[in-house]
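Everything on this sheet refers to the single structure shown next.
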Amino acid sequence: MHLSNALVSAQLAVGQQSCRRSSEIPDSRAKGGRMFPAPILEYFRPASVGEATRLLSGGAGENAHIIAGGQSLMQAIKSRLISPDALIDLQDIKALRSIHFDKNGLVIGAMTSYADIASDKRIPAAFAALCDAAGHVGDRQVRNRGTIGGSLCWNYIAACLPPTCLGLSATLELQNAAGRRRMVEARAFLKGPLETDRSSDELLIAIHLGPAAARTGSAYRKWGLVTDALPVVNICVSLEVGADHICREARVALGARSEGPTRVEAAELALRGVRKGDVRAIDAALDAAAEAADYQSDLWADAPYKKVLLRKIGREAVTVAFARASGEVGK
Ligand SMILES: Cc1cc2nc3c(=O)[nH]c(=O)nc-3n(C[C@H](O)[C@H](O)[C@H](O)COP(=O)(O)OP(=O)(O)OC[C@H]3O[C@@H](n4cnc5c(N)ncnc54)[C@H](O)[C@@H]3O)c2cc1C
């Protein structure tokens, strides 16, 4: 069955509790030719993590692929970058779609949508960069379908969530079919563009953030050709400040780079000891970030102009992170 038919059929199958194969889902094939270049033979909709990992580790065949929000995968299939024989759709696994707190901090299920993250008022100032990033991904449709887990597993060069999770020192929880769970720091998980530390039989389960020190604030900013477009440059800043409004700890992460998302140690060092509102010192730290960011020129902007943009959005991100750390502004 073609993916388009499978998805339409699957969406019509309301209230199903257990995993169904494409052969069990009524065929709603429309008249006309194939929409996608390669036929997708099987479509699975597991209702639990256990079922999904079993399918992933051979139960759905050799060439099965996970689909979350489909906002990147569908484009990859249409452009023949990926030609899966089977799709494992995670949308029925409710346990993967949640935002809650545990004793260490915030836990976000991999299938949580951008829209749910952006609108969650409980997310504290320490992790507010997540709301900045999720609230400006693409358009409303993309934010409703796209998921944090999909963004991290895809790790597209111009994505918002990978540098944000890196800047917030997130830890990712993965599980395989044997039930083995492992925790990986975002720094180790996110490699070059479209590359991660995930093994092919592992499912990303959740993203863990924290614990965060008191008086920690974060912010994410991006610059794209139009509002909410894919970023040409982006930055995530997380600051811990003292009661004296002086920065004690700083984390700065950049995306949109050919090596993948990266922390910028020079900027982090330069921000430590800086007092809130000290524009000259903040600009010096951003000069260090721009110096370290070996951008490449492309159709959207040349490398020197990207550095100009980085200084501009970086100053905004640092200023907002300071204000959030001081409890002056919320999300
Ligand atoms: C018009 C448009 C504009 C966009 N603008 C932006 C933007 O401004 N900023 C931005 O960051 N992104 C943007 N995107 C991309 C968007 O963020 C995607 O939603 C995201 O990259 C993928 O998330 P998804 O849930 O759709 O994953 P999918 O596309 O379904 O999957 C992506 C990949 O991750 C794998 N995967 C998904 N979930 C899991 C899991 N739990 N465990 C293991 N593997 C998994 C899939 O197998 C696949 O390889 C845009 C997309 C579109 C279509």
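The values are calculated or read from the model by the stated rules, or taken from the named source; none is laboratory data. Computed from a predicted model, the values in this text were never measured in an experiment. All Cβ positions, glycine included, derive from the backbone under ideal geometry; neighbour counts span all protein chains shown.
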Worksheet, complete the sentence: Within segment 195-210, restricting to residues that are touching a Phe, Trp or Tyr at 6+ places or on another chain (Cβ under 6 Å) and assigned to a strand (DSSP E or B), the one that is surrounded by the most Cβ atoms within 10 Å (Cβ to Cβ) is Leu209
Practice prompt. Kindly list the number of the only condition in (1) farther than 25 Å from Arg122 by Cβ; (2) part of a helix (DSSP H, G or I) that fails for Leu299.
Written response: (2)
Discussion item. Quick check on segment 245-262. Is at least one of its residues at negative phi, of a type in the set (Gly, Ala, Ser), modelled with pLDDT of 95 or more and within 16 Å of the ligand (Cβ to nearest atom)?
Written reply: yes
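Taking the condition of being aromatic (Phe, Trp, Tyr) and within 12 Å of the ligand (Cβ to nearest atom), how many residues in segment 113-146 meet it? Break it down stepwise before answering.
Of segment 113-146, the ones aromatic (Phe, Trp, Tyr) are 114, 127.
Narrowing further to those that are within 12 Å of the ligand (Cβ to nearest atom): 114.
Going through segment 113-146 one residue at a time, the tally reaches 1.
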Worksheet item: If you check Gly179, Gly217, Gly192, which single one turns out to be touching a residue at least 60 places away in the same chain (Cβ under 8 Å), away from the ligand (no atom under 14 Å from the Cβ) and assigned to a strand (DSSP E or B)?
Response: Gly217
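When you look at Gly277, is it touching a Lys or Arg at 6+ places or on another chain (Cβ under 9 Å), under 23 Å from Phe127 (Cα atoms) and part of a loop (DSSP other than H, G, I, E, B), yes or no? Break it down stepwise before answering.
On the way: touching a Lys or Arg at 6+ places or on another chain (Cβ under 9 Å): no; under 23 Å from Phe127 (Cα atoms): yes; part of a loop (DSSP other than H, G, I, E, B): yes.
Considered against the rule, which asks whether it is touching a Lys or Arg at 6+ places or on another chain (Cβ under 9 Å), under 23 Å from Phe127 (Cα atoms) and part of a loop (DSSP other than H, G, I, E, B), Gly277 comes out as no.
Would you check which residues across segment 118-131 are part of a helix (DSSP H, G or I) and more than 11 Å from the chain's Cα centre (by Cα) and list them? Quick ask: steps written out before the conclusion?
Kept after step one, since they are part of a helix (DSSP H, G or I), are these residues of segment 118-131: 118, 125-131.
Ala118, Ala125, Ala126, Phe127, Ala128, Ala129, Cys131 - these are the residues of segment 118-131 that are part of a helix (DSSP H, G or I) and more than 11 Å from the chain's Cα centre (by Cα).
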Discussion item. Conditions first: (1) within 11 Å of the ligand (Cβ to nearest atom); (2) modelled with pLDDT of 95 or more; (3) out of contact with any Phe, Trp or Tyr (no Cβ under 6 Å at 6 or more places or on another chain). Asp228 passes all but one, so which condition is the exception?
Written reply: (2)
Discussion item. I want to confirm something. Restricting to segment 224-241 and keeping residues that are crowded, with 16+ Cβ neighbours inside 10 Å and over 18 Å from the mean Cα position of the chain (by Cα), which single residue is nearest to Gly138 (Cα to Cα)?
Written reply: Leu239
Practice prompt. Among the residues of segment 152-164, write down those that are farther than 27 Å from Ser297 by Cβ and more than 6 Å from the ligand (Cβ to nearest atom).
Written response: Leu152
Worksheet item: Given the conditions (1) more than 10 Å from the ligand (Cβ to nearest atom); (2) touching a residue at least 24 places away in the same chain (Cβ under 8 Å); (3) more than 26 Å from Asp294 (Cβ to Cβ), and given that Gly149 satisfies all but one, which numbered condition is not satisfied?
Response: (1)
Worksheet item: Counting just the residues of segment 41-54 that are away from the ligand (no atom under 12 Å from the Cβ) and outside any loop (DSSP other than H, G, I, E, B), which one comes out surrounded by the fewest Cβ atoms within 10 Å (Cβ to Cβ)?
Response: Gly50
Worksheet entry | Selection from segment 302-322 of residues that are surrounded by fewer than 18 Cβ atoms within 10 Å (Cβ to Cβ) and among the hydrophobic types (A, V, I, L, M, F, W, C) | Ala303, Val308
Worksheet item: Here are some conditions: (1) near the ligand (Cβ under 10 Å from one of its atoms); (2) buried (at least 22 other Cβ atoms within 10 Å of the Cβ); (3) under 28 Å from Phe322 (Cα atoms). Ala110 meets all but one. Which one does it not meet?
Response: (3)
Worksheet item: Can you tell me how many residues in segment 68-89 are surrounded by 17 or more Cβ atoms within 10 Å (Cβ to Cβ), assigned to a loop (DSSP other than H, G, I, E, B) and either without any contact (Cβ under 8 Å) to a residue 60 or more places away in the chain or more than 13 Å from the ligand (Cβ to nearest atom) (or both)?
Response: 1
Discussion item. Where the second residue is acidic (Asp, Glu) and in a loop (DSSP other than H, G, I, E, B) and the first is in the same structural domain as Asp132 (by TED's automatic domain parsing) and lies in segment 238-262, which pairs have Cβ atoms under 9 Å and are six or more apart or on separate chains?
Written reply: Arg257/Asp294; Ser258/Asp294; Glu259/Asp294; Gly260/Glu195
Worksheet item: Do we have any residue at all in segment 208-221 that's under 30 Å from Ala52 (Cα atoms) and at pLDDT 95 or above?
Response: yes
